[in-house]
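The values are calculated or read from the model by the stated rules, or taken from the named source; none is laboratory data. Everything numeric here is computed off the predicted structure, so don't read it as measured data. We place every Cβ from the backbone using ideal geometry, glycine too, and count neighbours over all the protein chains shown.
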Amino acid sequence: MKLSVIIVNYRVRPYLLQCLRSVFRALDGMDAEVFVVDNHSGDGSVEAVTEHYPQVKLIASMHNLGFARANNKAIREAEGDYVLLLNPDTLVGEDVLKRAVAFMDGHPDAGACGVHMLNSDGSSAPESRRGVPSPLTAFYKMSGLCAHFPKSRRYGRYYMGWLPWNEPVEIDIVSGAFCLLRREALAEVGLLDETFFMYGEDIDLSYRLLKKGWHNWYLPLRILHYKGESTQKSSFRYVHVFYEAMLIFFRKHYGHLSWLLSVPVQAGIYLKALQALCLLQFRGARRALGFFTPSMAVSTEAVYVFHGSRSNKEKFDLFCRRRGLMTEPAEGAPVYAVYDVSVYDYTSMLEALASQQCQPREQLATYDPDADLLITATQVVQ
């Protein structure tokens, strides 16, 4: 068995099914297996996977195991020479998995590799390449210096912003949204640390690989990461879990440092978490009181521009009319480029998305004419 793909799902059934469609297209001709670990979603995910993808090795948990434990459960059953950890809110181009595995085959000292993750507007997700969040690197990130000097080798190390996007380069941290791991390397460093419930486990694993002498790589292979559909980043729970993960990582790998350094760094993490929580509370209060920002005064009624066959365009136009969705240009309205998944391959969609020159950028959306289903980064319409 060459490759084991592992997807941990929690309450994102439509995105999971779309992800699986792209994965099986990408696995065509490969000796591979696919695991889905459902963290007790209760949204019909288990039944949908069983119905539409019976070849998937489904692990249905009776409670939410968290990201690390759920992945480990499947890794222990996986038989592939390589293990791919993949988020359910992703779309993978048809050539991505074959090319990523070929790269790993050609670089026997590579422990893990990640890819070029695109946001839904085609912009590059900075977390595609990251440095080890040492105390100093974390300080530059939290203080805003990283954002102000993204290409600086000192201040911008968190996202390694000086690196090129169009060629393979060595990096420190591979994102857990797409993390291709060598089985041999995993056997040496161990599985994901289950102390991390969500977030941070990819940083910890990547760092352990580096410390054992393995190399981590970024590959210029495009995938879409909706980034948020599998996790609600605007919630209090997200803030708590994210900053708790930062503390766990710091205490695990930098706890030996002098209190002169450790106390300020940990205090900074707590302050950053408090700041984030206060901002969430403030935004919630403004919404409750009916306030809005000037930018929100512009119409946000979206326009959906269809790309597909003539017959399916007629079906899509009817779909939009019945749901009150606009298909004609409107000034100030955001635009979704809607791709017919029965006509377009995912590689073509991602290439078109990434090559946009217009501002503001069009957002990617997909339409499945068989299911009469529209999916964007923020909504599912059926």
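Looking at segment 99-129 only, could you name the residues that are assigned to a loop (DSSP other than H, G, I, E, B) and of a type in the set (Lys, Arg)? Answer for segment 99-129, where residues must be assigned to a loop (DSSP other than H, G, I, E, B) and of a type in the set (Lys, Arg): just Arg129. Taking (1) touching a Phe, Trp or Tyr at 6+ places or on another chain (Cβ under 8 Å); (2) farther than 25 Å from Val381 by Cβ; (3) small (Gly, Ala, Ser) in turn, Gly93 satisfies each apart from (2). Restricting attention to segment 250-268, does a residue exist that is farther than 27 Å from Ala365 by Cα, at pLDDT below 65 and either assigned by TED's automatic domain parsing to the domain that holds Thr195 or assigned to a loop (DSSP other than H, G, I, E, B) (or both)? Scanning segment 250-268 turns up at least one residue that is farther than 27 Å from Ala365 by Cα, at pLDDT below 65 and either assigned by TED's automatic domain parsing to the domain that holds Thr195 or assigned to a loop (DSSP other than H, G, I, E, B) (or both). Of everything in segment 76-94 that's of a type outside the set (Lys, Arg) and more than 19 Å from the chain's Cα centre (by Cα), which residue is nearest to Asn119 (Cα to Cα)? Here the answer is Tyr82. Of note, Ala110 satisfies the criterion of being surrounded by 21 or more Cβ atoms within 10 Å (Cβ to Cβ) and either assigned by TED's automatic domain parsing to the domain that holds Leu191 or touching a residue at least 40 places away in the same chain (Cβ under 8 Å) (or both).
Which one is surrounded by the most Cβ atoms within 10 Å (Cβ to Cβ) among residues in segment 326-350 that are touching a helix residue (DSSP H, G or I) at 6+ places or on another chain (Cβ under 8 Å) and part of a loop (DSSP other than H, G, I, E, B)? Among them, the one singled out is Val341. If only residues of segment 351-382 that are of a type in the set (A, V, I, L, M, F, W, C) and more than 15 Å from Arg323 (Cα to Cα) are counted, the one that is surrounded by the most Cβ atoms within 10 Å (Cβ to Cβ) is Leu364.
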